[in-house]
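The values are calculated or read from the model by the stated rules, or taken from the named source; none is laboratory data. Quick caveat, the model's predicted, so the values are computed rather than measured. FYI the Cβ positions are ideal-geometry reconstructions off the backbone, even for glycines, and counts take in every protein chain you see.
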């Protein structure tokens with residue numbers, strides 16, 4: 001018994017040490033975000049001399065015309081939240097009719113969604129951009145450099161996996177529930193919105209987490225559809241533009257990176273169980 | 001049973017938003033993309049694109065930068081697959097012991113996965129270029145003094161290292177789930193029969209979690225093959241090196257090579273041909289994945 005205890009203590013120490021090493025980049029990130037430029041050059045590893053430098057850096061970041069941090073954060077929030085609403089709602093609707101309609105068309109459409117998950121982004125990205133330009137020429141609706149264009153693209157890329165997840169869940173919902181509601185006089189859409197949608201909550205959480213983390217962090221699609229330096233830009237675009245443009249002001253870059261990860265980290269700490277389960281489930285099934 | 005008109009209207013009404021987006025964003029660009037790869041496509045909307053047959057693909061065979069990028073990506077994917085799985089499995093074994101902080105460890109190791117690769121790459125770029133050389137000075141560790149990102153060979157391993165650091169916690173959680181499904185009675189019975197920890201791991205745990213190995217190997221292989229974000233922010237493809245007498249970018253993975261070909265060098269047709277090759281490789285990997293996962297299921 002004593003040997004087992006000593007063994008566990010050793011393991012605890014090893015794991016704790018690994019854990020600290022694992023987090024060391026975040027230490028570097030935080031301390032340097034609060035230093036002056038001179039301090040970053042002379043003492044990268046130590047703690048900042050005075051934490052008040054943080055405010056000066058923050059003001060510099062918020063006022064920086066190349067970074068436009070506030071506007072970019074707002075755009076990121078708008079793009080992520082609108083995309084999530086349309087992806088979750090429309091995918092749930094599609095999955096429900098696909099499960100409840102037994103026909104060759106519905107099987108074909110579902111198989112098409114599943115097969116499309118193999119298609120890597122790289123093979124559609126170049127023609128997508130010129131196709132969006134063609135749509136603009138033909139219909140007069142601008143798709144590039146707009147919110148609706150990017151959100152529509154996220155619906156296209158995000159719905160396959162979401163439909164797949166909803167599909168699996170809806171198959172397990174007893175049909176009798178819906179038949180009873182129909183007999184009581186509900187129309188089909190009412191059945192969906194009043195009965196099915198509330199039951200879907202656990203998958204909806206998974207769908208929101210998976211898509212939310214992907215869209216919030218996504219770089220390549222916004223890069224192609226919005227472009228660096230555009231009026232509308234997401235946080236990753238803003239940071240990439242800021243780093244790529246001038247002499248590297250690392251203390252400001254570090255603070256910008258820190259600000260970019262704070263919302264996700266806070267969200268993760270609040271809902272880690274859901275997030276870990278959702279991300280693991282989603283990808284293993286997909 | 002014939003479907004009622006209402007059922008049909010609802011079917012198409014509910015399906016159309018995602019179906020429309022899917023056709024416009026994936027299906028049409030995919031078909032266009034395959035077609036463009038056989039033409040002199042310039043990326044300009046509405047310009048006529050002359051059919052050139054397999055010319056773009058034939059050009060790829062002669063392009064050393066592409067060949068090099070392909071080889072580096074293959075090597076990178078295989079090395080990452082091994083490293084990530086190894087680290088993840090060891091971490092999973094640790095955090096499934098009766099440790100006091102095991103929930104904190106699990107969440108902590110997982111955390112990098114919720115942060116974007118672009119941002120993590122920039123953080124690590126700073127660590128490699130500023131923090132580690134400083135640490136090397138202070139502790140007089142020679143090989144740390146020079147940034148790992150400056151040398152072609154070490155830059156490759158820096159890339160593997162950062163992605164493993166990011167992704168291992170995720171793969172760890174899949175192993176944790178598998179490890180928790182190993183029946184405790186089986187391990188206890190083996191312990192009573194005199195099997196040591198190593199024997200129990202080798203003869204009970206490992207065979208029981210074999211399906212998780214298959215799943216994770218493909219997951220890491222495919223994701224490494226598609227790597228872009230960390231590549232852009234950590235090395236940007238740098239430094240340059242020579243390959244078969246030509247200058248190439250030492251850490252330029254395929255996804256970045258495709259992007260650069262089309263958008264930096266303005267050769268859309270060739271970039272698209274590369275993307276189609278990229279797609280074919282991934283499709284083959286996916287088919288293998290389905291095949292191996294199915295085979296496992298039968299065995300169990």
Quiz item: Looking only at segment A:249-265, which residues are more than 20 Å from residue A:76 (Cα to Cα) and at the interface with another protein chain (Cβ under 9 Å from one of its Cβ atoms)?
Solution: A:250
Exercise. Look at residue A:97 and say whether it is assigned to a helix (DSSP H, G or I), at pLDDT 90 or above and at the interface with chain B (Cβ under 10 Å from one of its Cβ atoms).
Key: yes
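Results for (1) part of a helix (DSSP H, G or I); (2) in contact (Cβ under 8 Å) with a residue 24 or more places away in the chain; (3) surrounded by fewer than 12 Cβ atoms within 10 Å (Cβ to Cβ), shown as yes or no for each residue.
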{"position": "A:4", "(1), (2), (3)": "yes, no, yes"}
{"position": "A:14", "(1), (2), (3)": "yes, no, no"}
{"position": "A:19", "(1), (2), (3)": "yes, no, no"}
{"position": "A:31", "(1), (2), (3)": "yes, no, no"}
{"position": "A:44", "(1), (2), (3)": "no, no, no"}
{"position": "A:58", "(1), (2), (3)": "yes, yes, no"}
Quiz item: Given the structure, is residue B:235 in contact (Cβ under 8 Å) with a residue 40 or more places away in the chain, surrounded by 24 or more Cβ atoms within 10 Å (Cβ to Cβ) and more than 11 Å from chain A (Cβ to nearest Cβ)?
Solution: yes
Quiz item: With respect to the numbered conditions (1) within 14 Å of chain B (Cβ to nearest Cβ); (2) more than 18 Å from residue A:97 (Cβ to Cβ); (3) surrounded by fewer than 21 Cβ atoms within 10 Å (Cβ to Cβ), which one is the sole condition not fulfilled by residue A:182?
Solution: (2)
Quiz item: Picking from B:278, B:292, which residue would you name as being over 16 Å from the mean Cα position of the chain (by Cα), touching a residue at least 24 places away in the same chain (Cβ under 8 Å) and in a helix (DSSP H, G or I)?
Solution: B:292
Quiz prompt | Selection status of residue B:66, assigned to a helix (DSSP H, G or I), buried (at least 22 other Cβ atoms within 10 Å of the Cβ), away from chain A (no Cβ under 13 Å) and out of contact with any strand residue (DSSP E or B) (no Cβ under 7 Å at 6 or more places or on another chain) | solution = yes
Practice problem: For residue A:228, indicate whether it is under 30 Å from residue A:71 (Cα atoms) and within 12 Å of the chain's Cα centre (by Cα). | Solution: no
Quiz item: On the given criteria, is residue B:257 within 12 Å of chain A (Cβ to nearest Cβ) and closer than 16 Å to residue B:65 by Cα?
Solution: yes
Quiz prompt | Leading residue by the ranking (modelled with the lowest pLDDT) among those in segment A:103-125 that are facing another protein chain (nearest Cβ under 7 Å) and not in a helix (DSSP H, G or I) | solution = A:118
Quiz item: Taking segment B:260-291 only, how many residues are more than 10 Å from chain A (Cβ to nearest Cβ) and more than 22 Å from residue B:35 (Cβ to Cβ)?
Solution: 4
Quiz item: Limited to segment A:237-260, what total is found for residues that are free of Cβ contacts under 8 Å to residues at least 60 places away in the same chain and assigned to a helix (DSSP H, G or I)?
Solution: 5
Quiz prompt | Single residue of B:60, B:91, B:139, B:118 found to be under 30 Å from residue A:11 (Cα atoms) and in contact with a helix residue (DSSP H, G or I) (Cβ under 8 Å, 6 or more places away or on another chain) | solution = B:91
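For every residue, the table says whether it meets (1) crowded, with 20+ Cβ neighbours inside 10 Å; (2) touching a residue at least 24 places away in the same chain (Cβ under 8 Å); (3) outside the structural domain of residue A:227 (by TED's automatic domain parsing); (4) within 22 Å of residue A:81 (Cα to Cα).
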{"position": "A:91", "(1), (2), (3), (4)": "yes, yes, no, yes"}
{"position": "A:94", "(1), (2), (3), (4)": "yes, yes, no, yes"}
{"position": "A:100", "(1), (2), (3), (4)": "yes, yes, no, no"}
{"position": "A:111", "(1), (2), (3), (4)": "no, no, no, no"}
{"position": "A:125", "(1), (2), (3), (4)": "yes, yes, no, no"}
{"position": "A:150", "(1), (2), (3), (4)": "yes, yes, no, yes"}
{"position": "A:154", "(1), (2), (3), (4)": "yes, yes, no, yes"}
Exercise. Please tell me if residue A:87 is touching a residue at least 24 places away in the same chain (Cβ under 8 Å), away from every other protein chain (no Cβ under 11 Å) and under 22 Å from the mean Cα position of the chain (by Cα).
Key: no
Exercise. Answer with yes or no whether residue B:98 is in a helix (DSSP H, G or I), exposed (fewer than 15 other Cβ atoms within 10 Å of the Cβ), free of Cβ contacts under 8 Å to residues at least 12 places away in the same chain and within 8 Å of chain A (Cβ to nearest Cβ).
Key: no
Quiz prompt | Only listed residue being at the interface with chain A (Cβ under 9 Å from one of its Cβ atoms), without any contact (Cβ under 8 Å) to a residue 60 or more places away in the chain and closer than 30 Å to residue A:137 by Cβ, chosen from B:22, B:11 | solution = B:22
